[in-house]
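Here the structure comes first, spelled out in structure tokens, and everything after it is commentary.
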Amino acid sequence: MSAINDVTRLQEAFGAKILKTVEFRGEHTLHVDAAALHEVLAECRNRLGYEMLLDVSSLDHFGDDPRFEMVYEIASLDDSKHLRVKAAFSEEEKVPSVTDLWAGADWHEREVWDMMGIPFSGHPNLKRILMWEGYPFFPLRKDFPLAGRPSEMPDVAFSGVAPLEGGPFVTCAGGEDTVRREPRARVLE
Amino acid sequence: MESSSNSTLHTAYDSKIEGNVIITRVDAAINWMRKNSLWPMPMGLACCAIEMMATACSRFDLSRFGMEVMRFSPRQADVLIVSGTVTYKMALAVKRIWDQMPEPKWCIAMGACASSGGMYRSYAVLQGIDRLIPVDVYISGCPPRPEALIEGLMKVQKKIEGEESTMEQKRTFFEGVA
């Protein structure tokens, strides 16, 4: 059994709040209105049997508005069905925390906050999880350079800029030959 | 009777210490003791630590060189083996452990990451532990084989052999007094 029945049930229940549904090779994705995100996820958790939150991730569509997109991967415990729920948020908005639905969301959301700088409302302990408290940047944002930026917190930590020597290095899949597929420094426009 | 005892006196004037006396310099004696009882402080931060553990285990057997006493207290250690990726979050902790080690002390940067940041040209990784603490020996490899670590430690031994330990002590003593 896949998630197709749940997708139609959710569409009936939420109507226009479900903006789009995508089916690709048996994977179902729901694009949800940001205001209805928590409602939809609660329905999935409490009524439809998605007891497990596999992952919370985020995308940075730098230059677009809304800038950020949240992605939730949920599944039932017997692994019979998977569902992906997406919602877009602008930079000023707070994302409603789903720690009340899945306790496991706690660290996932802290990581999203740490790396992307997306704030959550209703999170019990929203602080950095990988970088140290007080680090001034959000390193996975598109406008953050790969080499990093210098920062200084006396007696706690510091950071510097990494020498990239012409990098970042990229490979292009499907090149004419293996030599062309070797990692090459990306030429900056 | 008397004449025979006189002749023995000439051939072995003190049979108790004959053959047990070695004449050397203090520096050489100190260096010999230091280099054959190097107590490493393992700083296992990534995959290099696995190779370091293998080095200490029976197959490669670091104890053949007197280095098997891994000390998990920096106060008792002589040589810091930084094995693995040093992130900025960890960097000052490594520095602190180095500062806690008593003199004389040596440092080994094991593997590409500890030596130069390795493949991690990124915001999160210190680009070589030598930016924070002085390194005596760099070991290449990602990760280096246990043989490479043993060679690195033997390089430290070589270095210790050539040190003027008492002169160094005198110099630091007078610097401390002044």
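Readers should treat all values here as calculations from the given coordinates under stated rules, not as data from a laboratory. None of the values given here were measured: they were computed from a predicted structure. Every residue, glycine as well, gets a Cβ built from its backbone with ideal geometry; the counts of neighbours run over all protein chains shown.
Using the Cβ-Cβ distance between A:T171 and A:L140 with R0 = 25 Å, the FRET efficiency computed as 1/(1 + (r/R0)^6) comes to roughly 0.75. Extent of the protein assembly as shown along its three principal axes (Cα atoms, max minus min coordinate, largest first): 124, 53, 48 Å. Within the protein assembly as shown, DSSP assigns beta bridges of which about 60% are antiparallel (rounded to the nearest 5). Here the stretch B:22-74 was treated as a single set of alpha-carbon atoms; its pair distances binned every 5 Å from 0 give 4, 18, 21, 21, 14, 9, 7, 4, 1, 0 percent.
The distance separating the Cα centre of the stretch A:96-141 from that of the stretch B:23-77 comes to 42 Å. The alpha carbons of chain A occupy a box of 54, 51, 33 Å along the principal axes, longest dimension given first.
Considering only beta bridges that DSSP places wholly inside chain A, some 85 percent are antiparallel. Averaging the sequence gap over all C-alpha pairs within less than 8 Å and six or more residues apart, then dividing by the number of residues, gives chain A a relative contact order of 13 percent. Counting every alpha-carbon pair across the stretch B:39-173, the share separated by more than 27 Å comes to 16%. Placing unit charges on the Cβ atoms only, positive for Lys and Arg and negative for Asp and Glu, gives chain B a dipole magnitude near 780 debye about its Cα centre. Between B:D130 and B:C142, the modelled label-to-label distance comes to 1.8 nm, taking each label 7 Å out from Cα in the direction of the beta carbon.
Mean separation of Cα pairs under 8 Å and 6 or more residues apart, divided by the residue count, gives chain B a relative contact order of 22 percent.
Report the full-extension gain for the segment B:E103 to B:C57: residue separation times 0.36 nm, less the Cα-Cα distance, to one decimal in nm.
Working: separation 46, 0.36 × 46 = 16.56 nm, distance 2.72 nm.
Stretched out fully, the B:E103 to B:C57 stretch lengthens by 13.8 nm.
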